[in-house]
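**Student:** My structure is below; once you've seen it, I'll send some questions.
The values are calculated or read from the model by the stated rules, or taken from the named source; none is laboratory data. Here the structure is a predicted model, which is why all the values come from computation and not from measurement. Glycine also receives a Cβ, built like all others from the backbone with ideal geometry; neighbour counts cover every protein chain displayed.
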């Protein structure tokens, strides 16, 4: 049985990703000075305006405006005609301290429960599949590779007329649950006024699409480059951006479930973030240990409570173990209290800005991407 599965990625210059990176840059600076910082920072960007709002409890000495302008500059927003200018944009900040009602639930020794509890209620899901070396779905894996390549060739001047904003979409054809080929690739990239469309299209196909996707494209693969014809007005001039709006890009490209919680701008006491990293680690470890070929793991929490309320696992029929056995395996091998997750992955370090573009589960250097060896998992009998 054949079917198409589609995922998208966006470049670091996409308006939503601008906001994610600024939020996580502020978080990183807080953690670099005060590892116990409590951070929940959101951004809104439109044209030459940036709003930074949220809750912040930290001993860090911050120049938030400087962090934001440096981040914009690093992305490539150095001219107003690109959509926003790092040096001239107006920045508004609306920041208060974390609510004491929340703080007592996530501070050890306070609140109704004396252990450090979850920073909020909610559910988180992690996914892994053996169809790529990164144990990610092929469609999101290729989409991220394309947008990374767009940024790389813009920054090293291989394609000098590119501007920061852009996105990619990849449709993969599956046959009996196995990826066989890429059916359609869409790339939309912001560009200078002077470039002719056919020249841009040829550059994108030859320098970006073919090198990244050559293993999966054939004579029937469709390439759609800037399908409106031009993409000059981009960045925050073309669209407003908001922190946390690219949660599917950040995770598995639409494959599997999502609990709905965003990641960027949140310190690791927020289980929206740390819990999602833990479930990815579990799912990836189960697949890497060949306990199943693909796997989805879900956990849920109550605010202020350390132990998960529930644990869910689905191997999609690819494991010899039952779901109940897999849950027991998870309980025996993985620690899921928020303080344990933070300690295991050393999540109080300033490692988050690097996650804010091109996916939170694609960088093999990140601690939750490390594989846990599981040597004895036969629970039957």
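**Student:** Go over the candidates 41, 67 one by one and state the one that is surrounded by 21 or more Cβ atoms within 10 Å (Cβ to Cβ), modelled with pLDDT of 95 or more and closer than 16 Å to residue 94 by Cα.
**Tutor:** One residue alone meets the criteria, 41.
**Student:** Note down all Cβ pairs under 6 Å where the first residue falls in segment 356-381 and is farther than 15 Å from residue 280 by Cα, the second is in a loop (DSSP other than H, G, I, E, B) and at pLDDT 95 or above, and they're at least six residues apart or on different chains.
**Tutor:** 356/264; 357/12; 374/289; 377/291
**Student:** Mind checking which residues of segment 74-127 are modelled with pLDDT of 95 or more, farther than 30 Å from residue 315 by Cβ and crowded, with 22+ Cβ neighbours inside 10 Å?
**Tutor:** Hits for segment 74-127 are 75, 77, 82, 83, 84.
**Student:** Give me the pairs: first residue in segment 220-245 and at positive phi and surrounded by 15 or more Cβ atoms within 10 Å (Cβ to Cβ), second residue part of a loop (DSSP other than H, G, I, E, B) and at pLDDT 95 or above, beta-carbon distance under 8 Å, and six or more apart or on different chains, which are they?
**Tutor:** Once the first residue is at positive phi and surrounded by 15 or more Cβ atoms within 10 Å (Cβ to Cβ) and sits in segment 220-245, its partners that are part of a loop (DSSP other than H, G, I, E, B) and at pLDDT 95 or above give 235/13; 235/77; 235/83; 235/84; 244/262; 244/263; 244/264; 244/265.
**Student:** Same structure, new question: Would you pick out the residues in segment 302-346 that are without any contact (Cβ under 8 Å) to a residue 12 or more places away in the chain and farther than 27 Å from residue 255 by Cβ?
**Tutor:** Residues satisfying the conditions are 332, 340, 343.
**Student:** Looking only at helices (runs of 4 or more DSSP H) that lie completely in segment 242-349, which have at least 2 residues being closer than 28 Å to residue 6 by Cα?
**Tutor:** Filter on segment 242-349 gives 247-250, 271-288.
**Student:** OK, next. Which condition number does residue 25 fail, the rest of (1) without any contact (Cβ under 8 Å) to a residue 60 or more places away in the chain; (2) in contact with a helix residue (DSSP H, G or I) (Cβ under 7 Å, 6 or more places away or on another chain) being met?
**Tutor:** The failed condition is (1).
**Student:** To continue, here is another question. Mind listing whichever residues of segment 334-371 are surrounded by fewer than 17 Cβ atoms within 10 Å (Cβ to Cβ), more than 23 Å from residue 39 (Cβ to Cβ) and either under 18 Å from the mean Cα position of the chain (by Cα) or at pLDDT 95 or above (or both)?
**Tutor:** Matches in segment 334-371: 364, 370, 371.
**Student:** If I ask for residues that are closer than 27 Å to residue 189 by Cβ, more than 22 Å from the chain's Cα centre (by Cα) and in contact (Cβ under 8 Å) with a residue 24 or more places away in the chain, which ones from segment 49-80 would you list?
**Tutor:** 49, 80
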